[in-house]
Amino acid sequence: MKWFDRWFAEKYRWARNNLNETVRAEPVRSDPHGLNDGMSINLKQVIGGRLVTFHYYDRQRDENHNRTYIITDEQDFERELGKIITLEAMRQ
């Protein structure tokens, strides 16, 4: 396992030394695999429940859309999440 530690330390040092060069690199303009299309879900635990955020990217209009829902601790999380996902899938 020591070989992995040495390899990782060497890669870490290289990345730190070349940080300025990597920051100047040209950002990727589009996803070649089309993975940004569709729906992404973000779940966040907050006091009193959970926030469920859906993110959509409309490639034709070049617009981002977000919808946020709150599921309280009193509600059944799995059932409510299933309802919300079904609703959002029907909107697509």
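Quick notes on this one:
- Test: residue in the range 29-52 that is modelled with pLDDT under 75 and touching a His at 6+ places or on another chain (Cβ under 8 Å): yes
- Note on the range 47-67: residues that are surrounded by 11 or more Cβ atoms within 10 Å (Cβ to Cβ) and out of contact with any Lys or Arg (no Cβ under 6 Å at 6 or more places or on another chain) total 10.
- Qualifying residue in the range 53-64 (condition: touching a Leu at 6+ places or on another chain (Cβ under 9 Å) and free of Cβ contacts under 8 Å to residues at least 12 places away in the same chain): no
The values are calculated or read from the model by the stated rules, or taken from the named source; none is laboratory data. All of these numbers come straight from a predicted model, not from anything done at the bench. When we count neighbours, we look across all protein chains shown, and the Cβ atoms used for this are built from the backbone with ideal geometry, even at glycine.
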